[in-house]
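Trainee: Provided herewith is a single structure, encoded as structure tokens, for subsequent inquiry.
The values are calculated or read from the model by the stated rules, or taken from the named source; none is laboratory data. Remember, it's a predicted structure, so these values are computed and weren't measured experimentally. Neighbour counts run over all protein chains shown; Cβ positions are idealised from the backbone, glycine included. The accessibility values were calculated without ligands, DNA or RNA, using every heavy atom of the protein model including side chains. Shrake-Rupley method; radii C 1.70, N 1.55, O 1.52, S 1.80 Å.
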Amino acid sequence: MTTTIDYEKHPCFNVNVKGQYGRVHLPVAPKCNIQCNYCNRKYDCVNESRPGVTSNVLSPEQALYYMGQVLEKEPRITVAGIAGPGDPFANPEETLRTMELLREEYPDLILCLASNGLNLKPEYIAKIAEIGVSHVTVTMNAVDPEITRKVYRWVRDEKTVYQGLKGATLLLERQLAAIKGLKAAGVTVKINCIVMPGINDHHVVEVAKKAAELGADLFNAMAMFPTPDTPFEELKEPNGRMMNQIRKECEEYLPQMRHCTRCRADAVGLLGEDRSQEFAGCLASSSERKIPQKSNNRPYVAVATVEGVLVNQHLGQALQLQIWEQTKTGFNLVEERLTPGSGTGFERWQKLANNLQDCRAILASGMGDNPKQILSQCGIMPIELSGFINLGLKAVYEGEDLSKFKRRKQTECTKFAAAASECQGDGLGCG
């Protein structure tokens with residue numbers, strides 16, 4: 001990849017430019033795969049300034065739009081990063097899609113990610129290197145599983161949840177492998193280590209030593225901020241004397257970052273001059289914006305149908321969806337895709353969204369609020385209508401008014417949709 005990126009303009013990695021250039025965190029990663037004893041993630045708080053907090057969550061396309069709004073108002077932004085509010089690689093599709101869109105639209109932008117490392121798999125490392133994500137931060141709080149187990153309530157790998165020593169050992173193994181893999185891919189790596197008095201404060205230097213052995217570039221010892229409603233809320237925040245001593249000891253192994261401001265997941269502006277509250281309205285409007293998909297990125301439309309002629313099936317009932325595309329001679333059925341099994345709540349609709357990343361819209365005779373919300377956040381327009389498939393496809397591809405497609409009077413295939421309008425849904429079909 002050939003770009004004109006000036007990597008020295010990353011204010012987190014270069015203290016000399018922290019007052020000249022800024023960063024924006026794009027909150028596209030709501031899910032997390034670990035539960036830290038010091039973390040309380042809040043999605044809608046505008047008054048707290050700490051990691052894990054954002055006022056809205058964006059889809060990748062909404063993030064691209066928001067990026068344009070930010071640059072228009074604050075041209076000193078040189079870095080776009082994803083730091084939650086969950087973990088970027090608990091949301092790999094959204095994370096990678098966002099990075100791809102940003103690189104395509106803003107080739108000179110520095111791209112940055114912050115992760116716990118659990119799901120930073122080799123294939124994801126290869127992909128971010130291909131995209132041109134140049135800086136990755138890995139939070140690693142210990143290199144001894146006996147200490148690590150004190151920091152986390154649980155660790156989730158795919159669908160399996162681990163606790164105690166087993167979870168701590170898995171997390172540490174993945175973190176060490178991720179750091180090694182990132183460096184092999186030529187990515188600049190910063191290590192964040194949260195200093196927790198009585199938990200790992202005596203051990204932080206060992207983390208720095210191990211990180212240096214793996215080739216990490218920068219070390220950030222961060223004082224834990226006591227957060228209400230967490231197991232560690234009663235722990236005292238490390239004082240300046242403790243932090244200075246720890247950083248001095250760690251500096252024997254790695255350069256130290258001393259200017260971290262413990263940013264929100266939607267932080268924007270210069271370090272120490274956060275403007276997230278000022279941009280909250282813009283972020284909110286971006287999260288509500290319906291972004292039309294580019295045909296080359298999302299060429300297909302998914303359809304819930306019983307017989308392949310009419311849009312006449314409720315999404316919750318559909319065991320499979322037909323995938324259609326527009327051609328020069330009309331519309332062509334590409335394939336049929338199975339839908340995820342029922343009974344898994346929100347996870348079902350997230351799986352469906354992940355399986356429809358090449359679709360710009362989905363047509364069904366009805367669907368619940370949960371799938372509508374999740375599909376929309378993933379850039380797939382949910383459309384409820386009844387009628388001939390080809391007419392619905394024509395309206396979608398040519399931008400026609402969809403309101404003319406009124407639902408038919410209740411029949412056997414639409415009774416389910418009517419019942420769903422009053423159902424709160426738990427993933428069994430109508431949620």
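Trainee: How much mean residue ellipticity at 222 nm does the chain get from its helices, if each DSSP H run of length 4 or more adds -39500 (n - 2.57) and you divide by all residues, to the nearest 500 deg cm²/dmol?
Mentor: -9500 deg cm²/dmol
Trainee: How many Å² of accessible area per residue for the chain, probe 1.4 Å?
Mentor: Heavy-atom accessible area per residue stands at 45 Å².
Trainee: Ok, one more. Determine the gain in length on full extension of the stretch Val161-Asn390; use 0.36 nm per residue of separation and subtract their C-alpha separation, reporting nm with one decimal.
Mentor: Roughly 78.0 nm would be gained on extension.
Trainee: Search the structure for amide H atoms under 5 Å from the amide H of Gln35, placed 1.01 Å from N in the peptide plane, and list their residues when 5 or more places away or on another chain.
Mentor: So Gln35 has HN proximity to Arg153, Trp154.
Trainee: What residues have an amide H closer than 5 Å to that of Leu113, excluding those fewer than 5 places away on the same chain, when H is modeled at 1.01 Å from N in the peptide plane?
Mentor: Result for Leu113 returns Ile82, His135, Val136, Thr137.
Trainee: Further, regarding this structure: Dipole of the chain, Cα-centred, from +1 at each Lys and Arg C-beta and -1 at each Asp and Glu C-beta, to the nearest 20 debye?
Mentor: Using only the charged Cβ atoms, the result is roughly 220 debye.
Trainee: To the nearest 10 square angstrom, how much accessible area does Glu104 have with a 1.4 angstrom probe?
Mentor: Rounded to the nearest 10, the figure is 110 Å².
Trainee: Students sometimes get this wrong: rank Arg360, Arg153 by accessible area, probe 1.4 Å, all chains present, largest first.
Mentor: Arg153, Arg360
Trainee: Give, to the nearest whole percent, the P(r) tail of the chain beyond 43 angstrom, counting all Cα pairs.
Mentor: Every Cα pair in the chain considered, those over 43 Å come to 18 percent.
Trainee: What ranking of Trp349, Trp324 comes out by heavy-atom accessible area, probe 1.4 Å, highest first?
Mentor: Largest to smallest exposure gives the sequence Trp324, Trp349.
Trainee: Using the Karplus curve 6.51 cos²θ - 1.76 cosθ + 1.60 with θ = phi - 60°, work out ³J(HN,Hα) for each residue of region 149-160 in order, rounded to whole Hz, and write x for Gly and Pro.
Mentor: The phi angles translate into 4, 6, 8, 10, 6, 7, 10, 10, 10, 6, 9, 9 Hz.
Trainee: By how many degrees, 0 to 90 and rounded to 10, does the Cα axis of helix 60-73 deviate from the longest principal axis of the chain?
Mentor: 60 degrees
Trainee: For an R0 of 30 angstrom, estimate the FRET efficiency from the Cβ-Cβ distance between Arg258 and Lys180 and round to the nearest 0.05.
Mentor: Calculated transfer efficiency: 0.70.
Trainee: What is the angle, in °, between the Cα long axis of helix 122-131 and the longest principal axis of the Cα atoms in the chain? Nearest 10 is fine, range 0 to 90.
Mentor: 80 degrees
Trainee: With all distinct Cα pairs included, what does the Kirkwood hydrodynamic radius of region 122-228 come out to in Å, to one decimal, could you say?
Mentor: Kirkwood hydrodynamic radius for region 122-228: 14.5 Å.
Trainee: Same structure again: Just grab the label-to-label distance for Arg275 and Glu234, each label 7 Å out from Cα along the Cβ direction, in nm (one decimal).
Mentor: Taking the two extended label points, one gets 4.3 nm.
Trainee: Heavy atoms only, probe 1.4 Å: what % of the accessible area of the chain goes to carbon and sulfur, would you let me know?
Mentor: Roughly 49 percent, rounded to a whole number.
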